[in-house]
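In what follows, a structure is listed as structure tokens, so that the remarks can point back to it.
Nothing in this text is a laboratory measurement; each read-out follows from the coordinates by a stated rule. None of these values were measured; they are calculated from a predicted model. Cβ: placed from backbone, ideal geometry, glycine included. Neighbour counts: every protein chain shown.
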Amino acid sequence: MKSSLVCVSDYEAEAHKSLPRNALDYYRSGAMQETTLHENKEAISRWYIRPRFLRDMSIRSLATTILGHRVKVPYGIAPTAMQRMAHPDGEVANARAAGRIGTAFTLSTIATASVEEIAEHASDTLRFFQLYIFKDREVTANLVHRAEAAGFSALVLTVDAPHFGIRRADIRNKFALPPNLRMANFQTDDEKSSLLNTSAGGSGITEYVKSLFDPSLSWDDVAWLTRITKMPIVLKGILTAEDAILGIEAGAAGIWVSNHGARQIDGVPPTIEALPEVVKAVKGQCEVYIDGGFSQGNDIFKALALGAQMVFLGRPMLWGLACGGEEGAYSVLDILKTELDSVMALSGCATIKDITKEMVIRKEYYAR
Ligand code: FNR
């Protein structure tokens, strides 16, 4: 890796130079005028860290657990679609990098590597499978069973995408998956799947999703999933206490606070603002995770202090991948590890358990 790349924003800037417009805009953009995209990051900076000193920081650990699995760092990889647009090794490279650092990788339903390929090439990595529910429930059930057979440890049901948000850059670009790539979890010789490679009118991904995904998705489907799989179910995309409670009632083992990287509704709260209400509502009955705008170890620290068990990264991993495949992805994860370890040492937290809510405070407190 280039020695000039020392933080995630360096990787982002470098990726911006090398990625073709179609892919870069697809990866980068948020919904509509991208207010929430900006605010995800802005809101993290509204929390300040309250460091404690003279606490013997000579021995430290970043290890934690997720769904009973031990991980070496309290952050993992969020599902992002079509990673082979960033690098020929795509999802395989990201999954392998996760394994090397000792954390979880989440594979998207609409990935350019299949569940079986990931299992084969990243057999030591803790693997989660992100599910979109298709109108054809047999297709959906088949995917779930394949993920289970391939040794995936959790099913992450994305609840915030009955259809895809309006992403203006993709409409302008008539976003299409390059012809050499395919949705690896499916046979793509049928007419609907080919929508992605062509794009008749606007964004190819939006057309694909409209034709295949089921907008009638409801809480009954969560109950259905719990019946057809033994994998624990995580609900991804929750932003309110009300839905978190319904999620627990429906049998979720984890609630993943997310606004889909600000790609669905422009104008929802930044995720770090939604986190405290969800943590409070969940009352420790299941684990709570978060993603959205996290790009430094210090950002991760703040979410852990506010009650997240684990933080997930979307775009940072695409930038790492674009800059150097598995090595680039690993470097991004490793930089975050160094940064998180540093902020823990500097603020008096030797272990993840020490990162309690007293460690952070809202910026407004100091304006009193
Ligand atoms: C996503 N996200 C996403 N989520 C999901 O459940 N299934 C998917 O296929 C995708 N695909 C996808 C593609 C791209 C390019 C992006 C940027 C995001 C959302 C993703 O899992 C996560 O919620 C956000 O990316 C987190 O925000 P950051 O880390 O990108 O700021």
Open item on the list: Show me, bin by bin at 10 Å from 0, the whole-percent P(r) of the chain based on Cα pairs.
Closed with: 5, 25, 36, 25, 7, 1, 0
- [ ] Using DSSP, restrict attention to beta bridges with both residues in the chain and report what percent are antiparallel, rounded to the nearest 5.
- [x] 20 percent
TODO: For K230 and D214, calculate 0.36 nm times their separation in residues minus their Cα-Cα distance, and state this gained length in nm to one decimal.
DONE: 3.5 nm
TODO: Just tell me which lysines come within less than 16 Å, Cα to Cα, of K283; anything on the same chain fewer than 8 places away is out.
DONE: K357
TODO: Treat every Asp and Glu Cβ in the chain as -1 and every Lys and Arg Cβ as +1, leave all other atoms uncharged, and give the resulting dipole magnitude about the Cα centre to the nearest 20 debye.
DONE: 840 debye
Open item on the list: Which one, W219, V234, A244, projects farthest toward the positive side of the charge dipole computed for the range 217-256 from Cβ point charges (K/R +1, D/E -1)?
Closed with: V234
Task: Cβ crowding within 10 Å averaged over residues, with 23-29, 254-260 ranked highest first - done: 254-260, 23-29
Task: Gaussian network model of the chain, Cα within-10 Å springs - most flexible of A98, A253, A223 - done: A223
Open item on the list: Under the 0.36 nm per residue contour assumption, what length would be gained going from the current alpha-carbon distance of D334 and R146 to full extension?
Closed with: 64.6 nm
- [ ] Report the FRET efficiency, 1/(1 + (r/R0)^6), for I265 and E116, where r is their Cβ-Cβ distance and R0 is 35 Å, rounded to 0.05.
- [x] 0.55
TODO: Classify the range 103-262 as rounded, prolate or oblate, taking a ≥ b ≥ c as the square roots of the eigenvalues of its Cα gyration tensor: rounded when a/c is under 1.5, otherwise prolate if a/b is larger than b/c and oblate if not.
DONE: oblate
Task: Those lysines that a straight Cα-Cα span of less than 17 Å connects to K236, excepting residues fewer than 8 apart in one chain - done: none
Open item on the list: Need the C-alpha centroid separation for the range 38-102 versus the range 204-251, integer Å.
Closed with: 24 Å
- [ ] Per DSSP H run of at least 4 residues, take -39500 (n - 2.57); add these up for the chain, divide by its residues and hand me the 222 nm value, nearest 500 deg cm²/dmol.
- [x] -12500 deg cm²/dmol
Open item on the list: Taking the 0 to 90 degree range and rounding to the nearest ten, how far is the long axis of helix 35-45 tilted relative to the main principal axis of the chain, both from C-alpha atoms?
Closed with: 20 degrees
- [ ] Would you please state which residues of the range 277-295 a label at K353 would reach in this model, taking the label point 7 Å out along Cα→Cβ and a backbone N cut-off of under 19 Å?
- [x] 284-288
Open item on the list: Is the C-alpha gyration tensor of the range 14-168 telling us rounded, prolate or oblate? Criteria: a/c under 1.5 is rounded; beyond that, a/b larger than b/c is prolate, otherwise oblate.
Closed with: oblate
Open item on the list: For a quick check, take a GNM of the chain with Cα springs below 10 Å and name the residue from R227, R70, R84 with the largest mean-square fluctuation.
Closed with: R227
Open item on the list: What do you get for the angle between helix 219-228 and the principal long axis of the chain? Use alpha-carbon atoms, 0 to 90 degrees, nearest ten.
Closed with: 80 degrees
